[in-house]
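Participant: Could you have a look at this structure, given as structure tokens, before my questions?
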Protein chains: 2
Amino acid sequence: MARTSLLDDNLSSQACADCPIRHRAVCARCEQHELDRLEAIKYYRSYEAGQTVIWSGDRMDFVASVVTGIATLTQTMEDGRRQMVGLLLPSDFVGRPGRLTAAYDVTATTDVVMCCFRKKPFEELMARTPSISQRLLEMTLDELDAAREWMLLLGRKTAREKIASLIAIIGRRDAALSLRSAGNDLTFDLPLTREAMADYLGLTLETVSRQISALRKDGVILLEGKRHVTIPDFDRLLEEAGDDSDGGLLA
Amino acid sequence: MARTSLLDDNLSSQACADCPIRHRAVCARCEQHELDRLEAIKYYRSYEAGQTVIWSGDRMDFVASVVTGIATLTQTMEDGRRQMVGLLLPSDFVGRPGRLTAAYDVTATTDVVMCCFRKKPFEELMARTPSISQRLLEMTLDELDAAREWMLLLGRKTAREKIASLIAIIGRRDAALSLRSAGNDLTFDLPLTREAMADYLGLTLETVSRQISALRKDGVILLEGKRHVTIPDFDRLLEEAGDDSDGGLLA
DNA sequence: CGAAATCCTTGATATAGATCAAACCGATGG
DNA sequence: CCATCGGTTTGATCTATATCAAGGATTTCG
């Protein structure tokens, strides 16, 4: 719960990290975003890995944007079964304008810094500034598409396909962030424990572990330690994932 | 593919059926919607039960709102595995501003009438009329919540819970449409074949059939014929569905 | 340094749901 | 009236994944 006040300069490596609006690439519209007004109502907050940002049902009087780190949205049934329903990377938006309480548990998977906005003034700003609604609409539509892809995975893919899909998704987002374009030999760290992956994929952690081992044995992925992955052939991975090969990065 | 031009009067039983913006209840904001301009660019189109409205990947130069009937959004893998990712009831919105091609197969499950808007002028109208973006954002956020609920179902619920959940969802939406409030003894028709339910739930049609039989045998639902359901005790059904009992109608 | 805690892997077994197969039911049409 | 067809039910069997169980690797902490 440590509250940290960061200088904006610390964040400048992240394009537009200081506004809650995500941009696909370089920010071409910043001038529209009335940063002055945003300045007045925003604050930064940091969370340690493993810390819960907010519990489902809790009062949530802010919206936020992830600046650094990775957070998850999960739903839990009374008997403890858990399903991840959102994976939040830097620049992703958290919270829903017009809702009083959190609908999901939000958890910091790694150390996380969030840029928060008190909800009331943010909503007033939204009402005055159409470009915010419009941008938020685009982002929400992207998330809806991702959710639907995820539904196909949950409903119809085998355990092996699920694992391959997740690794592809993480690899792709990672590649996008680090500007390494379609170059081969993608390498990155899995930011999730086996259990979190299981919650993402609707599997048990044992099955996750077994399938990762199987993909390694079959040469689809290379593993250094338990978390560091390199993909020798991304198309092969996509095949294993059962995906249409289009790539799907851009809507 | 028959193109039908309906008089608006035919649709008046549906609140705001003639605009693409869904309202939760009675339309309190119609005056904001610039119906005059919408008038100029809209047209109606009807589809027969079973007909495909549009195939994934096809060029889609309109957006639309379901006026009557039920349509589905499905994703298909190369080997034919299918997952439903959207169930469209009257007043639901179809299509994505800013996208050229359809991302999913859209199929009419019953006879369907849609109110269509050519995309280009609709987008121009959106740009000029903030309330449309704002309303669309609200609707999309609702859909995202529904998708996340659906993800929990797909990833973690048992077959019996999935069936109970689906029946509860349909019953609830049906009750909402027909103004029958929380009155007991909810009765309605399942608008989906067993196969479509299977595609919704990530099951096979045989499992769907078996679990429906089981729920009938256990008195959770009553069946008349193959489609007509009555729910003697909605809370019991929700219990079977593994849901938090809150109801969840309003965000 | 040793103990405890996480996280992960692997094995043995159980089971929910898939698959394969057959037959039923109600509607439609010749 | 019978044949056909789409949708459905039910049975027998198979299998992918869950569950139960044990142990290995790292890190954390006293």
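Participant: Going 7 Å from the Cα of B:GLU224 toward and past its Cβ, which residues in segment B:77-91 have a backbone nitrogen under 17 Å from where you end up?
Facilitator: None, by backbone N distance to the label point.
Participant: Follow-up question, since we're still on this one. Ranking B:CYS116, A:CYS115 by Cβ neighbours within 10 Å, fewest first, what do you get?
Facilitator: In increasing order of surrounding Cβ atoms, one gets B:CYS116, A:CYS115.
Participant: Once amide H atoms are placed 1.01 Å from N in the peptide plane, what residues at a sequence separation of 5 or more from A:THR109, or on another chain, have their amide H within under 5 Å of its amide H?
Facilitator: A:GLY50, A:ILE70, A:ALA71, A:THR72
Participant: Return the long-range amide H neighbours of B:ALA103 (sequence gap of 5 or more, or a different chain), with a cut-off of under 5 Å between placed amide H atoms.
Facilitator: Excluding prolines and chain starts, which carry no amide H, the hits are B:GLY57.
Participant: How many nanometers, to one decimal and shortest first, lie between the label point of A:LEU100 and those of its other copies, if labels sit 7 Å from Cα toward Cβ?
Facilitator: 4.7
Participant: Along Cα→Cβ, 7 Å out, is where each label goes; now give me the distance between the ones at A:ALA127 and A:LEU100 in nm to one decimal.
Facilitator: My value for the distance between the label points is 1.8 nm.
Participant: Just to check I understand the Karplus step: with θ = phi - 60° and J = 6.51 cos²θ - 1.76 cosθ + 1.60, what whole-Hz values come out for segment A:152-168, glycine and proline as x?
Facilitator: Each residue of segment A:152-168 in turn: 4, 4, 5, x, 10, 8, 6, 4, 4, 5, 4, 4, 4, 4, 4, 4, 5 Hz.
Participant: Right, next: Using each residue's phi in segment A:226-238, evaluate 6.51 cos²θ - 1.76 cosθ + 1.60 at θ = phi - 60° and report the 3J(HN,Hα) Karplus result to the nearest Hz, with x for Gly and Pro.
Facilitator: Per residue, the Karplus-derived 3J(HN,Hα) values read 9, 10, 8, 10, 10, 9, x, 8, 5, 5, 4, 4, 4 Hz.
Participant: Between segment A:43-79 and segment B:188-204, what is the C-alpha centre distance in whole Å?
Facilitator: Using only Cα atoms, the two centres lie 35 Å from each other.
Participant: Counting other C-beta atoms within 10 Å, which of B:LEU238, A:LEU201 has the fewest, and how do the rest follow?
Facilitator: Numbers: B:LEU238 20, A:LEU201 24.
Ranking B:LEU238, A:LEU201 by Cβ neighbours within 10 Å, fewest first, gives B:LEU238, A:LEU201.
Participant: Amide H neighbours of A:GLY86 under 5 Å, at least 5 residues apart or on other chains, H built in the peptide plane: list them.
Facilitator: A:LEU73
Participant: Let me ask you something else. Could you pull the copy-to-copy label distances for A:ALA127, with points set 7 Å along Cα to Cβ, in nm to one decimal and sorted shortest first?
Facilitator: 2.7
Participant: In addition: Please list 3J(HN,Hα) in residue order for segment A:119-131, calculated via the Karplus relation 6.51 cos²θ - 1.76 cosθ + 1.60 where θ = phi - 60°; whole Hz, with x for glycine and proline.
Facilitator: 5, 3, x, 5, 5, 4, 4, 4, 4, 7, 10, x, 4
Participant: Moving on to the next point. Compute the label-point distances linking B:ASP58 to its equivalents in the other copies; points lie 7 Å from Cα along Cα→Cβ; give nm, one decimal, shortest first.
Facilitator: 4.7
Participant: Something else now. At A:GLU239 and B:TRP55, where each label point lies 7 Å from the Cα along Cα→Cβ, what is the point-to-point distance in nanometres?
Facilitator: With each label placed 7 Å out from Cα toward Cβ, I get 2.5 nm.
The numbers here are math on the coordinates, done by the rules we state, and not lab data. Quick caveat: nothing in here was measured; it's all calculated off a predicted structure. Quick reminder, even Gly has a Cβ in these numbers, built from the backbone with ideal geometry, and neighbours come from all protein chains shown.
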